[in-house]
Amino acid sequence: MKKVLVFLMMAIMACSMMLTGCGGSKEEKKAEPAKVLRVGTEPAFAPFEFPKEGSKELTGFDIELVQAIGKQMGAKVEISGMGFDALIPALNAGNIDVAIAGMTITEERKKAVSFSDPYYTSGLIIMVKKDNTAVKSIDDFKGKRIAAQIGTTGEMKSRSVEGAKVTTFNTQDEAALELKNGGVDAVIGDLPVMEYYLAKGGSQFAMTVGEKMEAEQYGIAAKKGSKLVEDINKAMAELKKNGEFDKIYKKWFGEAK
């Protein structure tokens, strides 16, 4: 009888241990939270970021690139739209993790944020009305009225023109509309954005003049000193290696990078 009791007690203890092992603690049962990459952008900068037709969902080269980077990093990408001049403050306040918005890497901006490796080389161009045949370069705009998107290198270049009256707008499209309405003599902005605008109907009233000015490199911005920059660079390098970067680039610009 004693042997039976001992056997039963041992069996109960073994079952107990098995149940504890199988069940685990509540903490062990919890799944690890999904990694999220909070991205800020200025959603009116086609073909880099802009709303899909008839939708609030964003598309564009920057959008597809950052989504591919997030996937490579194993992170869920959450995108928030805001004014271009609000992006760096949002980074420094911790409201977003990174910003991608055709943002030129400049020494001034590098004082406030850290940038990824460059992912696109752009430049500035002048856009005027088609009937304005008197201008050939930026030197012809001394004392003239120029529009630009606020906080951009286009604005910086506009302000360098002697005697120019510079008006800034929240988006490049608003600056172009001011030109169309006759409120300014020219718009200075990023070449690929101007070309896309003209291709989508702007060429009916406007054209670009002069040579491309000041080659500029776009980068993805993160909070100063953030380790995310290293992670993004690694992910982007892998996308270039496996051909995904070239695939996205070709879709939006028609040629491999």
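The values are calculated or read from the model by the stated rules, or taken from the named source; none is laboratory data. None of these values were measured; they are calculated from a predicted model. In this analysis, Cβ positions are derived from the backbone assuming ideal geometry, glycine residues included, and neighbour counts consider all displayed protein chains. Ligands, DNA and RNA are stripped out before the accessible areas are found, and what is left, the full protein with its side chains, is counted by its heavy atoms. Shrake-Rupley method; radii C 1.70, N 1.55, O 1.52, S 1.80 Å.
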Query raised in the report: Would the range 83-91 turn up any residue that is more than 26 Å from residue 198 (Cα to Cα), surrounded by fewer than 16 Cβ atoms within 10 Å (Cβ to Cβ) and modelled with pLDDT of 95 or more?
Result: yes
Report summary line: Requiring at least 3 residues that are open to solvent by less than 20 Å² (accessible area, probe 1.4 Å), more than 29 Å from residue 110 (Cα to Cα) and at pLDDT below 95, the strands (runs of 3 or more DSSP E) wholly within the range 170-257 are none
Query raised in the report: Out of the range 34-57, which residues are open to solvent by less than 60 Å² (accessible area, probe 1.4 Å) and either without any contact (Cβ under 8 Å) to a residue 24 or more places away in the chain or among the aromatic types (Phe, Trp, Tyr) (or both)?
Result: 45, 48, 50, 55
Report summary line: The correct count of residues that are part of a loop (DSSP other than H, G, I, E, B) and open to solvent by 10 Å² or more (accessible area, probe 1.4 Å) in the range 117-152 is 16
Query raised in the report: Within the set of pairs 6+ apart or on separate chains, which have a first residue in the range 228-257 that is farther than 23 Å from residue 52 by Cβ, a second that is aromatic (Phe, Trp, Tyr) and modelled with pLDDT under 95, and C-beta atoms under 6 Å apart?
Result: 257/249
Requested in this report: Kindly establish whether residue 162 is farther than 30 Å from residue 231 by Cα, open to solvent by 60 Å² or more (accessible area, probe 1.4 Å), free of Cβ contacts under 8 Å to residues at least 40 places away in the same chain and outside any strand (DSSP E or B).
Outcome: yes
Query - Residue check, residue 101 touching a helix residue (DSSP H, G or I) at 6+ places or on another chain (Cβ under 9 Å) and open to solvent by 30 Å² or more (accessible area, probe 1.4 Å) - result: no
Query raised in the report: Regarding residue 72, is this residue more than 12 Å from the chain's Cα centre (by Cα), modelled with pLDDT of 95 or more and open to solvent by 50 Å² or more (accessible area, probe 1.4 Å)?
Result: yes
Report task. Among the candidates 142, 136, 129, 110, single out the residue that is closer than 25 Å to residue 36 by Cα and of a type in the set (Lys, Arg). Result -> 110
